[in-house]
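Everything below concerns the one structure shown next.
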Amino acid sequence: MTMSPEEADRFAFVHELITRQLEGTATEQEQQQLQDAVTSDPNVRREYIRHMQEVTHITSRLVAPRPGQEFSKSSVLGQTCSTGPLPPSDAEPAITSDALTPAPHRPLGVSFLGVAASLAIAATLLLAVSIPFWMSDGRNDQNTIASKPPSTGQPSDKTAALHGTEVATLVECTNVVWDSRSNAVNELSRVGIGQNISFHRGRIKLVFDSGVETLVLAPCYLNIQDHNRVYCTYGRITAKASAGGKGFAIETPVARVTDLGTEFGIAISESGETEVAVFEGEVDIELGAPDARKTQNSQTKREHLVQGQATRVDHSGRSKRVFSIDNQRMPGVRDLAPMHHDEPVIAAVRDNISERHPESRMFYRIVHAGLREDSRAFVDRTHQWNGLDEDGMPRELLGADYVMPFNDDKFAGDLKVRVAIARPATVYVFFSNNTKVPDWLASGFIDTGLDIGLDEGANRYKPSKRVAAGPGKSIDNTFSIWERDVQSPQELELGSFERPVEFKRGYNMYGIAAVAK
Amino acid sequence: MSLDSEHSDFARLIAQHQRAVQSYILANVPRWGDADEIWQETSVRLWLEFDKFRPGSNFAAWAIRVAHFEILTWRKKAERNRLVFGDDFIACLESEQKQFTSDQAQARLRALDQCLESSSDYQRELLSRFYEPDRQVQQVAEAMKTSVDAVYKSVQRIRKGLRSCIEQRLQHAELSP
């Protein structure tokens, strides 16, 4: 698209005067000329603002730090700010963030004033030193950039030219043990293109400037490839994108996963096999190793996954369904902390849908120690479990392991859901009161007489419906709570159910939960 | 909200929106050193006032308002012999604050990122040297083994090319389903 002569003149006029301003060579007359034009002509004003936005952006993306800027932003920050939980006492001789801190570690919490002052100073130093105005000082971090990038997924020449450009911030480290001193990154440090992130214990939260939040779990080895793309050799990453982060991509040894909006999780084994699960929105997956995809071009095999679907891609580029994904192995970016740290009760869930529909990619999400008010009920809906009144849900259910099934499983005629129970437990099924009780439930479970409510979000029958927060609000359906004692580890088989007579207002799949004895 | 959590939220928001604030400051005070000084003051002020920021509201808009007051404070202190824009210029840009935070502005900058990636290594090298604070254009010309005039012309041509690229990408995005 070419500019009109008038636009081109305006562009040149603004460009020249801004250049003189930035160089410090503008005369008083030129300053006045620019001021008059900006204040009197809306077109010049718009051009001026765009020009300044572009200059700022280009500078932050491309300009390297001043040579001789020797001090490390992270070490300065480290002197005043705790970087989170201390490493485990049995930490191996690998290096932690804290170990890199040159000054004695001063934990927060001596007094509130002390904490506030410390944070304020830390923030001041952080901002004064780690986020200088135009300087992208990623090259100061060269000592934290490993010399050897992943053997596959090498950055292109163009990406290499942007090497060191800062594109993300490490906002949180929890119990992290880095693989080596050269790979250690301090909390609240900026992270640049080409940088390797490698740690074998703990978890980090990395926020990209594009608005993508990522949660990365050890053991992990990843390389930042550009402002919206990482290469992960192995590890687990969950990414949540705002509208601006759409297009965020994770490359793995066997696939490339591109976010088309909201949240997905990915787990790459050390052999490279890749699992992808979509928690919200949708993703595109290109199957096959990066080199193979380059040669295949348009014949690259692709898969499109939507919310509630998951797949596993192997080395030959074949994919198959993943039946269940739990929140310990692949947590959501903003998941609430578990309500306790007992061993899991629900180990796995499978069904017989793939026998009839091998193309199915639906997965069951297992949430350990997670059942509470407003817990999401199904992987493919925003419906929530809630107590029927302000007293909340039955106390014995709080903190239970539970399963988020596919709500559309309700349509499956001969469904068999197999739930692996890992230890003695009480297993619960939440079954809608508007649906006829099936034989498998009546014969294998006991109705406790307790109820739980379902607060429905938007669905095909009620597209404008919204969920409310807390118990006793916006309850749309009541479910009876059935229970069964399980004395030893075993697999329970649950079945299907008939569509209710009054189904025009919609009906729902059952819920599953378990509490250890 | 815990202090740790507040700290994390602040770092995340700053990381996401700092360029919008910085471009506003630079538009008002188009000299690297001065703009840098104002940004440092602004970022400290943002942290100190962070408890007044309502979660979920527009952080960039709030931060730009804070930056505006830091600009006014800086102007009072600025040496008289410095060239500074007049009050009507500052007021004029104040009325355009939304342009710095709009979705359209964000879309333009995302497009600019893509355009930079598709630029040649030489073009990026030249821009990085040209916009490096304190670097004289004569030094850029020597480093790039060309003349001062050629540097000016090349930078203008590259910037113009980037602008066209941005418009093309935005138009393409609009036409795409």
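The values are calculated or read from the model by the stated rules, or taken from the named source; none is laboratory data. Predicted, not measured: the structure shown is a model, and the values here were computed from it. When we count neighbours, we look across all protein chains shown, and the Cβ atoms used for this are built from the backbone with ideal geometry, even at glycine.
Remarks
- Yes/no for B:Phe89 being out of contact with any strand residue (DSSP E or B) (no Cβ under 8 Å at 6 or more places or on another chain), within 11 Å of chain A (Cβ to nearest Cβ) and either small (Gly, Ala, Ser) or in a helix (DSSP H, G or I) (or both): yes
- Pair list, Cβ under 7 Å, 6 or more apart: segment A:356-373 residue outside the structural domain of A:Ile452 (by TED's automatic domain parsing) and within 17 Å of A:Asp409 (Cβ to Cβ), other residue surrounded by fewer than 22 Cβ atoms within 10 Å (Cβ to Cβ) and among the small types (Gly, Ala, Ser): none
Residues are listed down the side, and each one gets a yes or a no for (1) surrounded by 13 or more Cβ atoms within 10 Å (Cβ to Cβ); (2) within 29 Å of A:Gln32 (Cα to Cα):
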{"site": "B:Lys77", "(1), (2)": "no, yes"}
{"site": "B:Gln99", "(1), (2)": "yes, yes"}
{"site": "B:Cys115", "(1), (2)": "yes, no"}
{"site": "B:Val137", "(1), (2)": "yes, yes"}
{"site": "B:Met144", "(1), (2)": "yes, no"}
{"site": "B:Val155", "(1), (2)": "yes, yes"}
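- Scanning segment B:15-36 for residues that are within 7 Å of chain A (Cβ to nearest Cβ), part of a helix (DSSP H, G or I) and not small (Gly, Ala, Ser) yields B:Gln16, B:Gln18, B:Arg19, B:Gln22, B:Leu26, B:Trp32, B:Asp36.
- Residue in segment B:22-37 that is closer than 19 Å to A:Val38 by Cβ and touching a Gly at 6+ places or on another chain (Cβ under 9 Å) present: yes
- Qualifying residue in segment B:53-67 (condition: more than 13 Å from chain A (Cβ to nearest Cβ), assigned to a helix (DSSP H, G or I) and not charged (D, E, K, R)): yes
- Odd one out for A:Ser271, checked against (1) part of a loop (DSSP other than H, G, I, E, B); (2) closer than 26 Å to A:Val403 by Cβ: (2)
- Only a single criterion out of (1) modelled with pLDDT of 90 or more; (2) more than 11 Å from chain B (Cβ to nearest Cβ); (3) out of contact with any Ser or Thr (no Cβ under 6 Å at 6 or more places or on another chain) is not satisfied by A:Arg229, namely (2).
- Where a residue in segment A:307-329 is without any contact (Cβ under 8 Å) to a residue 12 or more places away in the chain and its partner, wherever it lies, is in a strand (DSSP E or B) and among the charged types (D, E, K, R), with Cβ under 7 Å and at least six apart: A:Lys320/A:Arg312
- Of everything listed in (1) part of a helix (DSSP H, G or I); (2) closer than 22 Å to A:Glu28 by Cβ; (3) facing chain A (nearest Cβ under 9 Å), the single unmet condition for B:Asp9 is (2).
- Hey, A:Ala469 under 18 Å from A:Met509 (Cα atoms) and surrounded by fewer than 16 Cβ atoms within 10 Å (Cβ to Cβ) or not: no
- When B:Lys160, B:Lys145 are checked against the criterion of being out of contact with any Phe, Trp or Tyr (no Cβ under 6 Å at 6 or more places or on another chain), in a loop (DSSP other than H, G, I, E, B) and outside the structural domain of B:Gln18 (by TED's automatic domain parsing), a single residue qualifies: B:Lys145.
- Filter result (part of a loop (DSSP other than H, G, I, E, B) and either over 20 Å from B:Glu167 (Cα atoms) or modelled with pLDDT of 90 or more (or both)) within segment B:113-135: B:Tyr131, B:Glu132, B:Pro133, B:Asp134, B:Arg135
- Selection within segment B:144-161 - more than 7 Å from chain A (Cβ to nearest Cβ) and either within 23 Å of the chain's Cα centre (by Cα) or closer than 17 Å to A:Thr59 by Cβ (or both): B:Val151, B:Tyr152, B:Lys153, B:Ser154, B:Val155, B:Arg157, B:Ile158, B:Gly161
Yes or no, residue by residue, for (1) in contact with a Leu (Cβ under 9 Å, 6 or more places away or on another chain); (2) within 26 Å of B:Ala60 (Cβ to Cβ):
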site	(1), (2)
A:Glu187	yes, yes
A:Gly192	yes, yes
A:Tyr221	no, no
A:Asp226	yes, yes
A:Arg229	no, yes
A:Tyr234	yes, no
A:Ala239	yes, yes
A:Ile250	yes, no
A:Glu270	no, no
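- Among the residues of segment B:72-85, not a single one is in a helix (DSSP H, G or I) and either closer than 20 Å to B:Ala105 by Cβ or touching a strand residue (DSSP E or B) at 6+ places or on another chain (Cβ under 7 Å) (or both).
- Listed by position, the helices (runs of 4 or more DSSP H) inside segment A:1-103 whose residues that are more than 8 Å from chain B (Cβ to nearest Cβ), within 41 Å of the chain's Cα centre (by Cα) and modelled with pLDDT under 90 number at least 1 are A:73-78, A:97-100.
- A:Ser480 vs. criteria at pLDDT 95 or above and within 16 Å of A:Asp455 (Cα to Cα): yes
Yes/no matrix, rows are residues, columns are (1) within 14 Å of another protein chain (Cβ to nearest Cβ); (2) modelled with pLDDT of 90 or more:
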{"site": "A:Ile197", "(1), (2)": "no, yes"}
{"site": "A:Gly245", "(1), (2)": "yes, no"}
{"site": "A:Leu260", "(1), (2)": "yes, no"}
{"site": "A:Gly288", "(1), (2)": "no, no"}
{"site": "A:Gln296", "(1), (2)": "no, no"}
